[in-house]
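Here's the structure we're looking at; comments come further down.
Computed from the coordinates by the stated procedures, all read-outs in this text should not be read as laboratory data. Just so it is clear, the structure is predicted and the values come from calculations on it, not from any experiment. When we count neighbours, we look across all protein chains shown, and the Cβ atoms used for this are built from the backbone with ideal geometry, even at glycine.
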Amino acid sequence: MSETAMAFAGAPLDLAENQRSTEQLTAFSKARKAQALIMHHGQFLTKNGTLATLPPMKLVGKHLYDPGPLFLGLDGNIPLFAFSLAQEDEALDLVNGTALEPIRNLALTLPPKELALAGRAKSLFDWHRAHKFCAMCGKESQVQNGGVTRKCPSCNTDHFPRVNPVVIMLVANGDNCLLGRGPEWPEGAYSCLAGFVSSGETVEEACVREVFEEVGIHVQNPTYKFSQPWPFPSQLMMGLFCEATTTEITLDKKELADAIWVSKDTVRAAFDGTDTTFLCPPPFTIAHQLLKKWIEA
Ligand SMILES: [Zn+2]
């Protein structure tokens, strides 16, 4: 367990994997303490800086997107659901004074527990939207177990939510570290290099390969530090430190617009806002946490 407070992590949930029969889900939805968070088109209904919630029974009869109500799990004895409403007006009319906001806007403001719940709900709804049809036979699949699996009624294949593994690494060379920027990023924004883990490789092998592919630099001693669920749409970001044995940058221009070496002092000053060499990754990102751990070491 890491001491790092990671955004989108730490949902206080028992996923209740063995309590997801139709009867149990109905009982949970009618429980006196049950609550549902409300979404529309990937945005969350909020009020006064927190997620607006309602008892699930108050949402009966509303127009819902597939897969219908999602049972997130149990927070103690509180069953927690998420509903994705098909009509914006219907969502906004549920509670006075609410707004619909994308999760990226909420990442800096929501209490950590709420942000983690919102991240889980968003990742699951995004998965359902992209996986309505069976990948084996092409027939429309059906929701099961309160929205944590789908099953194909034609060929019986079970489908599970997809989480994509990504490595993200702090590449250090003595007192300098390597940062890159993507082609579409805001001006001045730099971050740690990252890439998807490929079939047949370890996290450490992916780290070494990605750094060489993106900037032509050899690294050694890749060491796992901590991870983050990243709901855009559903990555598991695995953070590593590694040591560069070469320093000359050869940019893969399809992946990166630029890459630079920056000193620890420059990173510290960028965190303090006293240096504008580069724009720090925001605090809700694992890149921010990797840089913070490095300058504090
Ligand atoms: Zn099928």
Exercise. With each pseudo-label sitting 7 Å past Cα toward Cβ, what's the R209-L279 distance in nm, one decimal?
Worked result: 3.2 nm
Problem set entry | Cβ-based net charge around F8, under 13 Å, with every Lys or Arg adding one and every Asp or Glu removing one | +3
For this session: Give, as a single signed number, the net charge of other residues whose beta carbon lies under 13 Å from the beta carbon of L70, with Lys and Arg counted +1 and Asp and Glu -1.
Result: +3
Exercise. Modelled label-to-label distance, W294 and T246, 7 Å Cα→beta-carbon offset: nm?
Worked result: 1.9 nm
For this session: Report, in deg cm²/dmol and to the nearest 500, the calculated mean residue ellipticity at 222 nm for the chain, where each DSSP H run with n ≥ 4 adds -39500 (n - 2.57) and the sum is divided by the residue count.
Result: -7000 deg cm²/dmol
For this session: Rounded to the nearest Å, what's the spacing between the alpha carbon centres of the range 253-289 and the range 1-69? Just the number, please.
Result: 35 Å
Exercise. What is the sum of charges around L94, taking Lys and Arg as +1, Asp and Glu as -1, for the other residues whose C-beta is under 13 Å from the C-beta of L94?
Worked result: -1
Exercise. Which loop trypsin sites (Lys or Arg not before Pro) in the range 1-102, with loop taken from DSSP, have no more than 13 other Cβ atoms within 10 angstrom of their Cβ?
Worked result: R32, K33
For this session: Would you mind getting me the FRET efficiency between D175 and D258? Use the beta-carbon distance for r and R0 = 30 Å, nearest 0.05.
Result: 0.90
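Please identify the helices of the chain, taking whole runs of DSSP H, that span at least 20 Å along their own axis as judged from the Cα atoms and have a mean Kyte-Doolittle score of 1.6 or higher.
Counting only whole DSSP H runs, no helix qualifies.
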For this session: Assign one of three labels to the range 164-296, namely rounded, prolate or oblate, based on the Cα gyration tensor with a ≥ b ≥ c the square roots of its eigenvalues; rounded applies when a/c is under 1.5, prolate when it is not and a/b is larger than b/c, and oblate otherwise.
Result: rounded
